[in-house]
Amino acid sequence: MTKRRTLLQAAAAAGGLALAGLVAVSPAIADELEALKEKGVIRIAMSGAYPPFNFVNDKNEVVGFDPAIGTEIAKRMGLEAEIVTTAWDGIIGGLLANKYDAIVGSMTITAERDEVVDFVGPYYTTKRAIFTKPGSEFTSVSQLGDAKVGVTLGETHEEWATEQGYDINTYKGLPELLLELENGRVDAIVNDSIAAILAMTEKGQEFAIIEDLETDAFGAGIAIREGNPELAAAMQEALDAMMDDGTYVEIAMEWIGADIR
């Protein structure tokens, strides 16, 4: 638990996505946990475009690490999980507008996001990475000022790449991002290392990694509306329990092939 708290504090201090256009709402008058228990259902949002963490399979089902984690947490709280998908760049706005109850969608915990939502977790950690095609002329971070760089719209990587002054193209999700790299419409892409490597390996896409990128590990958290300490505590208790009893590792091994805490 101490390790996870340390990661949470470090990730929050690192800053993150500029939430342009979002206005912080007043804390809830009453904690939402009791209302969710009365309904028996918690609506959990994600993009559905971030394999293997969350994606839509050939049966039109949303599957992956994120929905498995969200469903298990809900089960341990005595709730049924209803998984919904929405565009990533508007996902926090949808949460604040009460369109769903939580986001379990590989959202990086940042200080800026923490100003408008509360986080449970982190439930995994990863790092930023930059990928190119094998044999690319771009082999160093110092060369990227001359490159066309692809990022996913609304991710922290978009803000980071913009801050670096890169010429960026934005895309809706990881599959589209990988296709643009493969087809040569961008010279490099910036993404979470685990998700991109697994997705490219799964589809047989060859890639190279720019090795001289300096980056810290960051945590992915579960976002809920502010002013719900009982809901946050119940979700954290469920998450901690599944990490302690081996369920988390089983889910991680199924979808990721490694323990990614």
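The values are calculated or read from the model by the stated rules, or taken from the named source; none is laboratory data. What you see is a predicted model; the values in this text were computed from it and never measured. Note: ideal-geometry Cβ built from the backbone for every residue, glycine included; neighbour counts use all protein chains shown. Quick note on the areas: whole protein, heavy atoms, side chains included, nothing else; ligands and nucleic acids left out. Shrake-Rupley method; radii C 1.70, N 1.55, O 1.52, S 1.80 Å.
Counting just the Cα atoms, what span does the chain cover along each of its three principal axes? Round to the nearest Å and put the largest first.
58, 37, 36
Compute the helix-to-body angle for 229-244: its Cα long axis versus the longest principal axis of the chain, expressed 0 to 90° and rounded to tens.
Here the helix axis deviates by roughly 70 degrees.
Report ³J(HN,Hα) in whole Hz for each residue of region 77-90, in order, from the Karplus equation J = 6.51 cos²θ - 1.76 cosθ + 1.60 where θ = phi - 60°; Gly and Pro get x.
8, x, 10, 8, 8, 10, 8, 10, 10, 7, 4, 4, 5, x
For region 188-254, take every pair of Cα atoms, bin their distances at 5 Å starting from 0, and report each bin as a whole percent.
Reading upward from the zero bin: 3, 11, 15, 16, 15, 15, 12, 8, 3, 0.
For E137 and K37, what is the calculated FRET efficiency with R₀ set at 45 Å and r taken between the beta-carbons, to the nearest 0.05?
0.20
Express the relative contact order of the chain as a whole percentage, based on alpha carbon pairs under 8 Å and six or more residues apart in sequence.
Relative contact order of the chain: 29 percent.
Report, to two decimal places, the Cα Rg of region 123-261 normalised by 2.2 N^0.38 Å (N = number of residues).
1.20
Could you give the dipole magnitude of the chain about its Cα centre, charging the beta-carbon of Lys and Arg +1 and that of Asp and Glu -1, in debye to the nearest 20?
With Lys and Arg at +1 and Asp and Glu at -1, about 240 debye.
First compute the accessible area of the chain with a 1.4 Å probe, then give the percent of it belonging to carbon and sulfur atoms.
Answer for the chain is 49 percent, counting heavy atoms of protein chains only.
Taking a 22 Å limit on the Cα-Cα distance, which of the listed pairs K75/K127; K99/K127; K59/K203 fall beyond it?
Those over the limit are K75/K127; K99/K127.
What residues have an amide H closer than 5 Å to that of E80, excluding those fewer than 5 places away on the same chain, when H is modeled at 1.01 Å from N in the peptide plane?
Those qualifying (amide H under 5 Å, at least 5 residues apart or on another chain) are V41, I42.
Could you state the accessible area per residue of the chain in Å², with a 1.4 Å probe and every protein chain left in place?
So the chain comes to 46 Å² accessible per residue, rounded to a whole number.
Answer with one residue from P134, M243, F207: the one whose Cα lies farthest towards the positive end of the charge dipole of the chain, charges on Cβ with Lys, Arg +1 and Asp, Glu -1.
Going by the charge dipole, the pick is M243.
Hey, got the dipole for region 87-195? About the Cα centre, +1 on K and R Cβ, -1 on D and E Cβ, debye to the nearest 20?
280 debye
Counting only Cα atoms, I'd like the Rg/Rh figure for region 148-215, Kirkwood definition for Rh.
Using only Cα positions, Rg/Rh for region 148-215 is 0.92.
Helix-derived [θ] at 222 nm for the chain: sum -39500 (n - 2.57) over DSSP H runs of at least 4, divide by residue count, nearest 500?
Theoretical 222 nm ellipticity from helices: -10500 deg cm²/dmol.
In square nanometres and to one decimal, what's the mean projected area of the convex hull around the Cα atoms of region 99-165?
For region 99-165, the mean projected area of the Cα convex hull comes to 6.3 nm².
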